[in-house]
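Written out below as structure tokens is the structure these notes cover.
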Amino acid sequence: MKKITLLMSCILTASVIYAQDSQTDNQVRVIYPSNFQISKPLSELFATDDFEEKSDFVSSDKKNRIPEIFTNTGENEPNYGNDPTTTQRTMGKRQVSAATLTNWVGQNGGGSCPPDPSGAAGLTQYVQAVNATPFKIFNKSTGGIVGSIKQVGALWTPALTYNSGDPIILYDKYADRWLITQFGDVDPNPPYSVLANKIYIAISQTSNASGAYYLYTYTDTQFPDYLKFSIWADGYYMTSNEGTDKVFCFERAAMIAGTPTARSISKTFTGAPSGFFAPMPADADGGLPPAGTPLPFFTYSGTNAIKIWNMTVNWATTPTATISAPVSVTTSTFNASYNAQWNDISQASGTQKLDGIGGVLSYRAQWRKWTTYNSVVLCWPVVISATQRSIKWVELRQTGTTWSLFQQGTYAPDALNRWLGSIAMDDNGSIALCYAVAGPTPATPMSLRYTGRLASDPAGTMSFAEQSAVTGSGVMTACGNRVGDYSQTTLDPDGLTFWHTGEYVAGSYPATRIYSFKLPLGTVGIGETENQPSFNVYQTENVLNFAASTLPSDDEMVVDLFDIEGRQISGKSIKPVSNKFETTIDVSGLAKGTYLVRVGNPNFQRVVKVVVN
């Protein structure tokens with residue numbers, strides 16, 4: 001039989017509905033897609049050879065970024081200096097069993113300045129995208145290339161003309177879908193005129209990144225610079241660096257279903273700092289928040305605090321969105337003032353400095369729901385001294401509606417610069433911090449390293465000895481100071497493996513790397529792979545039979561059943577015996593499809609995906 005591939009394209013009238021928030025005069029906008037398509041399977045678009053373009057494109061988005069310069073910039077000024085009591089000046093001593101589990105060369109960064117790598121792991125694949133160069137799918141076990149297409153914009157028909165991009169790749173593990181995004185076309189030639197304030201979103205039809213995608217195009221009122229996405233129960237949320245502070249929510253359920261009219265709603269808000277600013281939306285890991293949970297989004301404040309807003313969306317016939325007034329959580333003092341010309345990071349040699357990307361929280365704001373509280377981990381760049389930059393990190397916890405600081409630290413174990421950080425927490429409560437490192441003392445080309453801590457370690461410390469993922473070579477000169485705006489650490493669907501993609505120097509150009517690792521618990525709590533909890537689920541008629549073994553303790557566990565939009569269907573408490581238990585879950589009346597079983601207590605959590613037939 002001859003195979004026939006259909007390409008569906010639906011050109012929609014760009015429809016915008018304006019409303020007024022009931023609490024303020026801030027504007028709410030409901031936006032319908034201006035274009036909807038279904039792509040060909042990517043496997044039909046794969047290049048016949050492994051190509052790398054070297055356009056030497058230098059992104060023009062920096063013109064949208066005004067640095068935030070604080071009044072006091074001394075190392076230990078009372079308002080803006082770094083509190084020495086929360087600065088870690090020595091390396092941790094814990095060891096990992098292997099430096100990395102997987103480690104391979106990502107896409108060549110020479111195609112654009114900066115490359116801004118983004119990537120995530122699915123069930124069997126790892127997908128990476130960088131600015132203005134190929135979009136690639138890798139076998140996550142071997143690093144072998146499954147396939148690549150010329151650029152993210154090649155999914156659309158006709159292909160997007162320019163792909164300067166700020167791409168973001170996320171794997172929605174709750175629905176087994178890939179989320180691929182980038183901002184609108186920007187002319188790569190002077191005067192870098194903005195052609196369209198577009199937001200492009202691709203949602204895979206299945207868990208296979210090589211398959212077909214639902215393609216959505218939305219039009220913003222301003223250029224959505226530095227867009228950042230997150231996964232939440234009721235939507236895919238987006239923040240960006242724009243003249244007007246606002247947050248977008250895209251209709252997740254409709255996009256997963258491939259609905260051509262899937263809506264977006266945006267809401268403006270107040271209380272943000274000046275200068276280069278894009279808040280970080282909470283990105284759910286481990287389990288989805290319960291349906292109706294407001295999305296928190298975060299920024300740091302020059303008054304030594306974290307600011308938190310909540311956005312609530314209702315996808316009714318007439319959608320509504322509200323954003324609360326911000327609340328602040330006080331931290332120890334820190335200095336977030338960066339050079340006005342973005343010349344912050346000294347390299348191993350030479351005079352060319354690199355942009356420390358000050359002013360914003362680093363990607364992502366990883367959010368997790370535990371049985372008695374919610375947590376989020378954040379990191380951002382700070383000034384250690386006139387010649388050194390490094391990373392401050394915090395873990396916040398939310399009990400009820402109240403946020404508080406659980407722990408914090410500034411990681412500066414030697415004289416090197418550390419920046420482009422990304423932080424995440426696994427299902428054991430262990431935290432990983434990944435970053436770039438460079439400096440003249442000792443002479444260290446821009447390289448990629450990581451560290452971490454266990455939940456049982458003293459608060460505010462990274463207890464693992466710093467590990468090297470790749471050592472760079474040379475001095476970055478080809479891109480001026482535009483080495484990179486972000487890196488990305490994500491969690492594997494197994495809940496235990498960290499994946500990072502970041503930038504380092506190869507010759508005079510930036511290069512990218514992809515690597516994974518675990519933080520072993522050793523003799524504390526759960527052991528390594530052979531001692532991890534085991535779950536067995538099978539269905540008999542209208543009952544799910546659920547068995548758990550090798551649990552970390554006999555402490556009481558909560559077993560909850562959710563759908564993929566975060567709606568709780570049932571829940572019960574169970575007391576394990578000899579680190580195991582068996583139970584049943586009634587699924588009569590449930591529609592066929594994928595559901596999530598969350599097992600946990602305040603010190604442990606696992607989310608198991610089940611299919612109801």
List the number of the failed condition for Y595; all other conditions in (1) of a type in the set (S, T, Y); (2) closer than 28 Å to M255 by Cβ; (3) not in a strand (DSSP E or B) hold. (3)
Hey, could you check segment 131-160 for residues that are of a type in the set (V, I, T), in contact with a helix residue (DSSP H, G or I) (Cβ under 9 Å, 6 or more places away or on another chain) and at pLDDT 90 or above and say which is surrounded by the most Cβ atoms within 10 Å (Cβ to Cβ)? I137
Determine whether G271 is without any contact (Cβ under 8 Å) to a residue 60 or more places away in the chain, on the phi > 0 side of the Ramachandran plot and either within 21 Å of the chain's Cα centre (by Cα) or not in a strand (DSSP E or B) (or both). yes
Quick check, is I323 over 15 Å from P273 (Cβ atoms), buried (at least 24 other Cβ atoms within 10 Å of the Cβ) and not assigned by TED's automatic domain parsing to the domain that holds T501? yes
Just to verify a result, which residue in segment 299-321, among those that are assigned to a strand (DSSP E or B) and touching a Lys or Arg at 6+ places or on another chain (Cβ under 7 Å), is nearest to Q568 (Cα to Cα)? M311
Residues located in segment 81-97, provided they are of a type outside the set (A, V, I, L, M, F, W, C), surrounded by 14 or more Cβ atoms within 10 Å (Cβ to Cβ) and part of a loop (DSSP other than H, G, I, E, B): G81, N82, D83, G92
Six or more apart or on different chains, Cβ under 7 Å: which pairs go from a residue in segment 145-158 that's closer than 11 Å to Y213 by Cβ and assigned by TED's automatic domain parsing to the domain that holds A132 to one that's part of a helix (DSSP H, G or I) and of a type in the set (V, I, T)? Could you list them? none
Every residue in segment 279-291 that is within 19 Å of D172 (Cβ to Cβ) and outside any strand (DSSP E or B), please. G286, G287, L288, P289, P290, A291
Can you tell me which residue in segment 172-182 is modelled with the highest pLDDT, limited to those that are in contact with an Asp or Glu (Cβ under 9 Å, 6 or more places away or on another chain), more than 16 Å from P41 (Cβ to Cβ) and outside any loop (DSSP other than H, G, I, E, B)? L179
Matching residues in segment 465-491 - criterion: being surrounded by fewer than 19 Cβ atoms within 10 Å (Cβ to Cβ), out of contact with any Ser or Thr (no Cβ under 7 Å at 6 or more places or on another chain) and assigned to a loop (DSSP other than H, G, I, E, B): A465, G480
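Restricting to segment 497-508, name every residue that is surrounded by fewer than 20 Cβ atoms within 10 Å (Cβ to Cβ) and at negative phi.
T497, S508
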Considering segment 308-329, residues that are out of contact with any strand residue (DSSP E or B) (no Cβ under 6 Å at 6 or more places or on another chain) and of a type in the set (A, V, I, L, M, F, W, C), and then whichever is nearest to S266 (Cα to Cα), we arrive at W315
Would you point out which residue out of L544, L496, L590, L519 is closer than 26 Å to D172 by Cβ, assigned to a strand (DSSP E or B) and either in contact (Cβ under 8 Å) with a residue 24 or more places away in the chain or not assigned by TED's automatic domain parsing to the domain that holds N139 (or both)? L544
What number of residues in segment 555-609 are within 25 Å of the chain's Cα centre (by Cα), under 28 Å from A455 (Cβ atoms) and crowded, with 19+ Cβ neighbours inside 10 Å? 13
Could you tell me which of the residues A278, A282 is over 25 Å from V607 (Cα atoms), crowded, with 22+ Cβ neighbours inside 10 Å, assigned by TED's automatic domain parsing to the domain that holds G243 and not β-branched (V, I, T)? A278
Kindly indicate the residue of segment 359-386 that is crowded, with 23+ Cβ neighbours inside 10 Å and of a type in the set (S, T, N, Q) and also nearest to F406 (Cα to Cα) among those meeting that condition. Q366
Tell me, which strands (runs of 3 or more DSSP E) wholly within segment 373-464 include 3 or more residues that are modelled with pLDDT of 95 or more and more than 17 Å from the chain's Cα centre (by Cα)? 388-399, 402-411, 431-440, 443-453
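Filter segment 322-338 down to residues that are in a strand (DSSP E or B) and closer than 19 Å to C249 by Cβ, then give me how many there are.
Within segment 322-338, residues that are in a strand (DSSP E or B) and closer than 19 Å to C249 by Cβ number 2.
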Can you find a residue that is touching a residue at least 24 places away in the same chain (Cβ under 8 Å), more than 25 Å from N131 (Cα to Cα) and not small (G, A, S) anywhere in segment 217-227? no
Might you let me know whether segment 275-293 holds any residue that is among the polar types (S, T, N, Q) and farther than 20 Å from S230 by Cβ? no
Can you tell me which residue among G421, G439 is crowded, with 20+ Cβ neighbours inside 10 Å, under 30 Å from G600 (Cβ atoms) and assigned by TED's automatic domain parsing to the domain that holds R94? G421
Being over 18 Å from G495 (Cβ atoms), in a loop (DSSP other than H, G, I, E, B) and among the hydroxyl-bearing types (S, T, Y) is the filter here, so list the residues in segment 98-128 that pass it. T100
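The values are calculated or read from the model by the stated rules, or taken from the named source; none is laboratory data. Source: prediction; values computed, not measured. Virtual Cβ from ideal backbone geometry, glycine too; neighbours counted across all protein chains shown.
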